[in-house]
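Right, one structure below, let's go through it.
The values are calculated or read from the model by the stated rules, or taken from the named source; none is laboratory data. Small disclaimer: the values here were computed from a predicted structure and weren't measured. Cβ: placed from backbone, ideal geometry, glycine included. Neighbour counts: every protein chain shown. To get the accessible areas, we keep the full protein, side chains included, count just its heavy atoms, and leave off ligands, DNA and RNA. Shrake-Rupley method; radii C 1.70, N 1.55, O 1.52, S 1.80 Å.
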Amino acid sequence: MRVYGVVLIGCGHIGEEHIQDIYYRDNIKIVATVDTDVERAKLFSRKFGAEFYGTDYKAFINLDEVDIVIIATYVNTHLSILKDCLKANKHVLCEKPIAKTLDEGKEFCELVKNSDSKVLIAHVLRHNETYLKVKELIDSNIIGKIKMIRMVQNHNTMDWNRYKKLLEDCTPIIDCGVHYIDITQWFNNSKIVEVSGHGLLLDDDAPGPYNYGFITMKLENGCYSSYEAGWSKNLASCNIKEFIGEKGRISLVLQACREANREEGDLIQIYLSETKEYISVNMRSKYKNMYGQIEALISMIEDDIPAFPTMDEVYDAFRIANAADYAIINNKTVIVADYN
Ligand SMILES: NC(=O)c1ccc[n+]([C@@H]2O[C@H](COP(=O)([O-])OP(=O)(O)OC[C@H]3O[C@@H](n4cnc5c(N)ncnc54)[C@H](O)[C@@H]3O)[C@@H](O)[C@H]2O)c1
């Protein structure tokens, strides 16, 4: 078995989700943990058995024993770190969104496509078994053609400073929206053609144009999808994922949101309107399947299989999220094909 040397850049919230699910695996060796905050880099190296730690990733990414770099830093650093990793001929698992602006996003994709390194963007829901099951159910036509999708992902921000930092870089509609825009197109096998929405500054001290956004998306196949995302001291946390079809609906309740039978994992509930039947499916819950994600990157390296999602799908979700952000800020409906 080949053992992959890994450097983690960014020892924050998502960096910890990555490393805690991979550090003990037989095919992974953590070479270095890096953070601009040296104490965090040191803590992670101790906790997860890294050989080195430091504040400057350039000191580690060229090491021969390094094969994969995980980029788990703020959005505005992703492109420059990617460039250095590609120069060092390393494979990359990079957090979404890929970049801060659309032009930088384009550059990111071009660089990846023209490189021999393998790059996977962390659209982690593509590797979540519950979402894969919902996709399978939709494709089986159990609820017929999807007419509408309702998605809500609101966070009550106990750690306001962390969210303020994220808001400086990116609105929630771009930051978190890239996941759900991607899901909308993936589940429908159809493209979003039009977006509109509104946004509000719910907290006076929130950075950015808004910290709560609501968007609606119209797809080529006629489906409408809505997505709501807010990070606020005042909002209640809320998680709704509902797929409404011609013959019923599929609702997804994450384990953490279940009122009963929580020990049974995520709940997928299918309602069939013709027979008035409910079907329940319990899924082993692993919201952030980080090892599954790095295994997907390893398959790309070993078997030369395409990224999941592909770079084109990633860029498409990023472009549409930017179009939605533009629609909110300018109070306009945006035709996606015109937004480049
Ligand atoms: N895939 C997901 O589900 C998911 C969830 C949350 C966040 N994210 C993404 O992950 C990224 C980070 O978000 P977070 O919530 O972990 O933020 P965070 O603030 O918790 O952590 C970011 C860390 O990166 C460090 N850092 C910043 N610039 C650095 C640099 N140049 N070199 C080394 N370290 C650096 C910071 O000191 C901090 O510790 C964002 O792009 C965010 O959108 C993804």
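Summary table
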{"quantity": "Distant-in-sequence amide H partners of Ala122 (H built 1.01 Å from N, under 5 Å)", "calculated": "Cys94, Glu95, Lys96"}
{"quantity": "Nearest-0.05 FRET efficiency for His13 and Asn62, computed from C-beta distance (R0 25 Å)", "calculated": "0.35"}
{"quantity": "Prolate/oblate/rounded call for segment 110-196, Cα gyration tensor, a/c under 1.5 rounded", "calculated": "oblate"}
{"quantity": "Pairwise Lys count, segment 4-121 - Cα closer than 16 Å, eight or more residues apart or different chains", "calculated": "16"}
{"quantity": "Contact order normalised by residue count of segment 80-186, Cα under 8 Å, 6+ apart, percent", "calculated": "28 percent"}
{"quantity": "Over segment 4-121, relative contact order from alpha-carbon pairs under 8 Å, at least 6 apart, %", "calculated": "23 percent"}
{"quantity": "The chain - mean residue ellipticity at 222 nm from DSSP helices (-39,500 (n - 2.57) per run, n ≥ 4, rounded to 500)", "calculated": "-10000 deg cm²/dmol"}
{"quantity": "Amide H partners (placed H, <5 Å) of Ile28, local residues excluded", "calculated": "Tyr4"}
{"quantity": "Directionally averaged projected area (convex hull, Cα atoms, segment 148-232), nm²", "calculated": "5.2 nm²"}
{"quantity": "Label-point separation, Asn261 to Glu39 (7 Å along Cα→Cβ), nm", "calculated": "4.6 nm"}
{"quantity": "Label-point gap, in nm, between Arg46 and Asn282 - each point 7 angstrom along Cα→Cβ", "calculated": "4.0 nm"}
{"quantity": "Segment 71-137 versus segment 263-309: alpha-carbon centroid distance in Å", "calculated": "20 Å"}
{"quantity": "Solvent exposure of the chain as accessible area per residue, Å², 1.4 Å probe", "calculated": "44 Å²"}
{"quantity": "Stretch gain in nm, segment Glu242-Asp116, where the contour uses 0.36 nm per residue and the Cα spacing is subtracted", "calculated": "41.4 nm"}
{"quantity": "Rg/Rg_globular for segment 54-212, with Rg_globular taken as 2.2 N^0.38 Å and Rg from C-alpha atoms", "calculated": "1.20"}
{"quantity": "Dipole moment magnitude, nearest 20 debye, segment 4-121 about Cα centre, only Lys, Arg, Asp, Glu C-beta charged", "calculated": "40 debye"}
{"quantity": "Accessible-area ranking of Tyr4, Tyr224, largest first, probe 1.4 Å", "calculated": "Tyr224, Tyr4"}
{"quantity": "Amide proton proximity set for Ile142, modelled H, under 5 Å, gap of 5+", "calculated": "none"}
{"quantity": "The chain: relative contact order in percent, alpha carbon pairs under 8 Å with at least 6 residues between", "calculated": "17 percent"}
{"quantity": "Equivalent ellipsoid semi-axes, the chain, via Cα gyration tensor eigenvalues times 5, rooted, Å", "calculated": "33, 23, 20"}
{"quantity": "Of all accessible heavy-atom area on the chain, the percent that carbon and sulfur account for (1.4 Å)", "calculated": "48 percent"}
{"quantity": "Longest site-free stretch - the chain; sites: GluC sites (Glu not before Pro), DSSP loop, at most 12 other Cβ within 10 Å", "calculated": "1-245"}
{"quantity": "Mean shadow area of segment 4-121 over all directions, Cα convex hull, nm²", "calculated": "6.4 nm²"}
{"quantity": "Value in Å of the Kirkwood radius, where segment 255-340 supplies the Cα pairs that are averaged", "calculated": "17.2 Å"}
{"quantity": "Integer Hz, Karplus 6.51/-1.76/1.60 couplings in order for segment 254-265, x for Gly and Pro", "calculated": "5, 3, 5, 9, 6, 7, 9, 6, 4, 5, 8, x"}
{"quantity": "Computed FRET value (nearest 0.05) for Asn234 with Asn331, which takes r as the C-beta separation and R₀ as 25 Å", "calculated": "0.60"}
